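Presented below is the structure to which this report refers.
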């Protein structure tokens, strides 16, 4: 048997990655819609220790699916309890226009958040809807990256809509969560000319060839890794990159370096 | 190299109708790719089993596996009443002759009921022969699997491609049916492997990757990094499969 590099050897033996992996798309907290065991900070931290993930960028499920303030407070508590291990996104729900900017200010100024998460699909609000403009203006002023859910055929956040949004708000760095799901090829084309867009990899269907297709057709510097845990398994998401047929250098960029650059620019402490 | 040797319970050869990306189809190439990850054997289906007729699939699978030593075939099966598929006794004889230790059903796609009036005779024959029954979760509800497992307590049932949102129904199924296992390819639930081991034991899990359609490295890492003991990892990776298949009467 031959393995291509030390990352694969570590993963095959179940040993943590030897450099600090950054998970740029994670969540936290229990869900009503399905059972996820130990979705709290301690349960997540155990997985991070086993795999070598030094930092997880989290948005609270409650903030997305229910009350944004209650959820954002939960994410803040995880950051406080485990300093340096969790970096929260402030979830912005545009369905509460009178509250949303105040909530972002509270998260940034009182809790020290530096990033924003939006979920146009769950919030039934198209990315190009004016309701998001104030959120993107806030992000531009604060230098905050915005992680948005993107999904194939979604009338609220399909790739063409996400591309139009990124073009319109060129001063904001957008992380396209899931890289459009089944619309990856379209995402590669659309994001190619958008320097403010990063493609994020979390996927519940781990197609052979997906990572290789992406790295072969898009600048590796703009591909970042996320796991979507504690919904789906972080180790399985890590495995699809570690065992991809790409160089160890590219794997390290995707799993750590690219995210570190984004987070550092946003003011999130994340050096080793 | 780690100490975990894998046996893959979910390999599927053949070109799917709607492929997302390029991947290798040739059995010997797939075999070599898996060996790189210490996956040293596996059970193999053919895409035609679901997308076409079982007889067609089994013929192609036999050809595809010719000369491939580490893979064993999984035959697609269906009830015989319409005359388009052999009667159960003959199916079992042909499977044994072909070295197939497991059968897979696609009742949703092939439009037959898994109730005893339609499928009972087939399942009885498989149970009697000790042949493992496999079924993708998209093809059979967990409720239906419970009925099958209860009606055929000596039949080893392996539920395939279980979604990560299914724990609330999967756990009562495990609790009530000791003869049901799942393969792990799509069971991507956070801490999901750990919790099944804790509640029901590692014996209920069989490593599967759904390769070559899926990247097998994802499934491998799901086991090697699980928060369980090394012996539990070895059971899931391969020992459970070896034990289960040794029980198939030749």
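Looking at residue A:219, is it in contact with a strand residue (DSSP E or B) (Cβ under 9 Å, 6 or more places away or on another chain), over 21 Å from residue A:50 (Cβ atoms) and surrounded by fewer than 17 Cβ atoms within 10 Å (Cβ to Cβ)? No: the conditions fail for residue A:219. In summary, residue B:16 fulfils each of the numbered conditions (1) surrounded by 17 or more Cβ atoms within 10 Å (Cβ to Cβ); (2) within 14 Å of chain A (Cβ to nearest Cβ); (3) within 18 Å of the chain's Cα centre (by Cα) with the single exception of condition (1). Looking at the stretch A:222-272, the helices (runs of 4 or more DSSP H) lying wholly inside it that each contain 3 or more residues that are buried (at least 19 other Cβ atoms within 10 Å of the Cβ) and more than 14 Å from every other protein chain (Cβ to nearest Cβ) sit at A:258-266. Residue B:6: away from every other protein chain (no Cβ under 14 Å) and at pLDDT 95 or above, yes or no? No. Conditions first: (1) within 24 Å of residue A:211 (Cα to Cα); (2) at the interface with another protein chain (Cβ under 8 Å from one of its Cβ atoms). Residue B:209 passes all but one, so which condition is the exception? That leaves (2) as the condition not met. Taken together, the criteria place residue B:23 among residues that are within 12 Å of chain A (Cβ to nearest Cβ) and either surrounded by 16 or more Cβ atoms within 10 Å (Cβ to Cβ) or farther than 20 Å from residue B:181 by Cβ (or both).
Right, residue A:78: in contact (Cβ under 8 Å) with a residue 24 or more places away in the chain and either under 17 Å from the mean Cα position of the chain (by Cα) or more than 12 Å from every other protein chain (Cβ to nearest Cβ) (or both) or not? Here the answer is yes, as residue A:78 does meet what is asked. Of all residues in the stretch A:9-40, exactly one satisfies the criterion of being farther than 26 Å from residue A:149 by Cβ, at the interface with chain B (Cβ under 8 Å from one of its Cβ atoms) and in contact (Cβ under 8 Å) with a residue 60 or more places away in the chain, namely A:11. Considering the stretch A:41-64, and only residues there that are touching a helix residue (DSSP H, G or I) at 6+ places or on another chain (Cβ under 8 Å) and farther than 22 Å from residue A:201 by Cβ, the residue that is nearest to the other protein chains (Cβ to nearest Cβ) turns out to be A:41. Output yes when any residue across the stretch A:204-227 is modelled with pLDDT under 95 and within 15 Å of the chain's Cα centre (by Cα), and no when none is. Looking through the stretch A:204-227, at least one residue is modelled with pLDDT under 95 and within 15 Å of the chain's Cα centre (by Cα). Could you say whether any residue in the stretch B:28-39 is more than 14 Å from chain A (Cβ to nearest Cβ), at pLDDT below 95 and touching a helix residue (DSSP H, G or I) at 6+ places or on another chain (Cβ under 6 Å)? No, the stretch B:28-39 contains no residue that is more than 14 Å from chain A (Cβ to nearest Cβ), at pLDDT below 95 and touching a helix residue (DSSP H, G or I) at 6+ places or on another chain (Cβ under 6 Å). Residues of the stretch A:106-121 that are touching a helix residue (DSSP H, G or I) at 6+ places or on another chain (Cβ under 9 Å) and without any contact (Cβ under 8 Å) to a residue 24 or more places away in the chain: A:110 alone.
Within the span defined as the stretch A:151-171, one or more residues are more than 21 Å from residue A:57 (Cα to Cα), in contact (Cβ under 8 Å) with a residue 12 or more places away in the chain, more than 16 Å from the chain's Cα centre (by Cα) and within 14 Å of chain B (Cβ to nearest Cβ). Elements of the type helices (runs of 4 or more DSSP H) sitting completely within the stretch A:55-133 and holding at least 3 residues that are closer than 27 Å to residue A:167 by Cβ and modelled with pLDDT of 95 or more: these cover A:100-105. Does residue B:81 fit the bill of being within 23 Å of residue B:127 (Cα to Cα), part of a strand (DSSP E or B), away from chain A (no Cβ under 14 Å) and free of Cβ contacts under 8 Å to residues at least 60 places away in the same chain? For residue B:81, the condition - within 23 Å of residue B:127 (Cα to Cα), part of a strand (DSSP E or B), away from chain A (no Cβ under 14 Å) and free of Cβ contacts under 8 Å to residues at least 60 places away in the same chain - is not met.
The values are calculated or read from the model by the stated rules, or taken from the named source; none is laboratory data. None of these values were measured; they are calculated from a predicted model. Reconstructed Cβ throughout: ideal geometry from the backbone, glycine too, with neighbour counts over all protein chains shown.
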